[in-house]
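The values are calculated or read from the model by the stated rules, or taken from the named source; none is laboratory data. Everything numeric here is computed off the predicted structure, so don't read it as measured data. All Cβ positions, even for glycine, are placed from backbone atoms using ideal geometry, and neighbour counts span all protein chains on display.
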Amino acid sequence: IHFVVNDQCILCGACVENCVSNALKIEDNKIVIDEQKCIGCGQCFAICPQGAVQMFGCDSSIDYTSHHKIEQAIAMRRSFRKFTQDEVPKELISELLNLTRFCPSSKNRRLVQFVVLTKQVLIELRPIVSQYMEEHKQYQLMSNDDDPVFRGCSDVILAIIPKGESSEDGVIALATFELAAQARDLGTFWCGILKEACKLDEVKQIVGITDEIEIVGAICVGYPAVQFIRPAARKPMQYE
C-alpha cells in the first residue's frame with residue numbers, strides 16, 4: 001500500500017493528529033509520510049475533509065453511502081482514539097450489551113459475560129497498564145498521547161468466559177457491540193494492551209476477575225471527538 005497527499009490538502013492537520021503510528025507530520029508546508037512507521041490502516045484517508053489522501057494498492061471505488069444500512073455500518077467502522085469528556089449513559093451501554101443476546105453462540109450455551117469498567121476504574125488502572133505498555137515496546141503506538149492506554153474514553157467493555165472455553169462467542173459478541181455502538185454515534189477501539197495486562201494480579205484485583213475467568217477482549221467506548229468522512233480503502237478480498 002502506498003500513500004500520496006495531493007494538491008487538495010489544506011494542511012488542516014486532521015491526518016497528523018489521528019495517525020495511530022505517528023507516521024505523519026507537517027514539514028515545509030506539506031504532509032510528509034514516514035513509510036517505515038506507516039501501518040497502512042487508512043485513518044488518514046478516512047478522515048481527510050478534502051479527500052486529499054490517495055491510497056494506491058487498495059480499492060476505494062465502492063460508494064457504501066448508497067448501500068444498505070448494515071453495509072454502511074460495517075464499511076464505516078473505524079477505531080476512534082480521541083474522545084470528548086462526555087460520559088456514555090449507563091442505560092445506553094446496557095441497551096447495546098443487550099443486543100448481544102442475539103449473537104450466535106456455540107451450542108447456545110451463552111457463556112459470555114461482560115464487565116463494564118467506568119472512568120473511575122480506568123483512572124486507577126491507567127498507571128499500571130501504562131507501565132506494562134512501556135515494558136512491551138510493541139504496544140507503543142501513539143504513546144505520546146496524554147492517555148496512551150484508554151485515550152480518554154468513557155468506559156471499557158470486557159468480554160469474559162470461563163477458562164478453557166472457546167473464545168469465539170466472546171469475539172462475536174464484542175464485534176456486535178462495536179457495530180451497534182458506532183451505529184448509535186459512539187466511538188470505539190479494541191484495547192489489546194488491557195487484555196494482556198489483565199494477566200497481572202494487581203489488574204485482576206482492580207477489575208474483579210479470578211484465575212477461573214478468561215478475558216476474550218476489551219473495547220473502549222465513548223463519544224468521538226473526530227469524524228471520519230469515508231471508509232478506509234482496502235485491498236480487494238481474495239477468495240476461491
**Item:** Among (1) at pLDDT 85 or above; (2) in contact with a Leu (Cβ under 7 Å, 6 or more places away or on another chain); (3) surrounded by 12 or more Cβ atoms within 10 Å (Cβ to Cβ) - the single one ASN29 does not satisfy
**Value:** (3)
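Of everything in the stretch 56-88, what is in a loop (DSSP other than H, G, I, E, B) and modelled with pLDDT of 85 or more? Give them in sequence order. If you could, list the steps in order and put the result at the bottom.
Step one: list which residues in the stretch 56-88 are in a loop (DSSP other than H, G, I, E, B), which gives 57-58, 60-63, 67-68, 77-82, 84-88.
Listed by number, the residues that qualify are ARG77, ARG78, SER79, PHE80, ARG81, LYS82, THR84, GLN85, ASP86, GLU87, VAL88.
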**Asked** Is the stretch 199-208 home to any residue that is among the β-branched types (Val, Ile, Thr) and touching an Asp or Glu at 6+ places or on another chain (Cβ under 7 Å)?
**Response** yes
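Being in contact (Cβ under 8 Å) with a residue 12 or more places away in the chain and not in a loop (DSSP other than H, G, I, E, B), is that true of even one residue in the stretch 145-154?
No: the stretch 145-154 contains no residue that is in contact (Cβ under 8 Å) with a residue 12 or more places away in the chain and not in a loop (DSSP other than H, G, I, E, B).
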**Fill in**
Checked the stretch 161-212 for anything of a type in the set (S, T, N, Q) and touching a strand residue (DSSP E or B) at 6+ places or on another chain (Cβ under 8 Å); matches are SER167, GLN182, THR188
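Each row is one residue, and each column tells you yes or no for (1) free of Cβ contacts under 8 Å to residues at least 60 places away in the same chain; (2) acidic (Asp, Glu); (3) touching a Lys or Arg at 6+ places or on another chain (Cβ under 7 Å); (4) under 22 Å from GLU212 (Cα atoms).
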{"residue": "MET76", "(1), (2), (3), (4)": "no, no, no, no"}
{"residue": "LYS82", "(1), (2), (3), (4)": "no, no, yes, no"}
{"residue": "PRO104", "(1), (2), (3), (4)": "no, no, no, no"}
{"residue": "ASN108", "(1), (2), (3), (4)": "yes, no, no, yes"}
{"residue": "GLU134", "(1), (2), (3), (4)": "yes, yes, no, no"}
{"residue": "GLY170", "(1), (2), (3), (4)": "yes, no, no, yes"}
{"residue": "ALA173", "(1), (2), (3), (4)": "no, no, no, yes"}
**Request:** Pull up the stretch 168-213, narrow it to residues that are crowded, with 17+ Cβ neighbours inside 10 Å and among the aromatic types (Phe, Trp, Tyr), then point me to the one that is farthest from THR84 (Cα to Cα).
**Result:** PHE177
**Message:** Quick check on VAL116: is it assigned to a strand (DSSP E or B) and either at pLDDT 90 or above or loosely packed, with under 14 Cβ neighbours inside 10 Å (or both)?
**Reply:** yes
**Item:** Test result for GLU35, over 23 Å from the mean Cα position of the chain (by Cα) and loosely packed, with under 13 Cβ neighbours inside 10 Å
**Value:** no
**Request:** Report, ordered by the first and then the second residue, all pairs with beta carbons closer than 6 Å, sequence separation of six or more or different chains, a first member in the stretch 196-211 that is in a helix (DSSP H, G or I) and at pLDDT below 95, and a second member that is exposed (fewer than 11 other Cβ atoms within 10 Å of the Cβ) and of a type outside the set (S, T, N, Q).
**Result:** none
**Any hit, the stretch 162-184, residues being part of a strand (DSSP E or B), at pLDDT 95 or above and within 21 Å of ASN98 (Cβ to Cβ)** = no
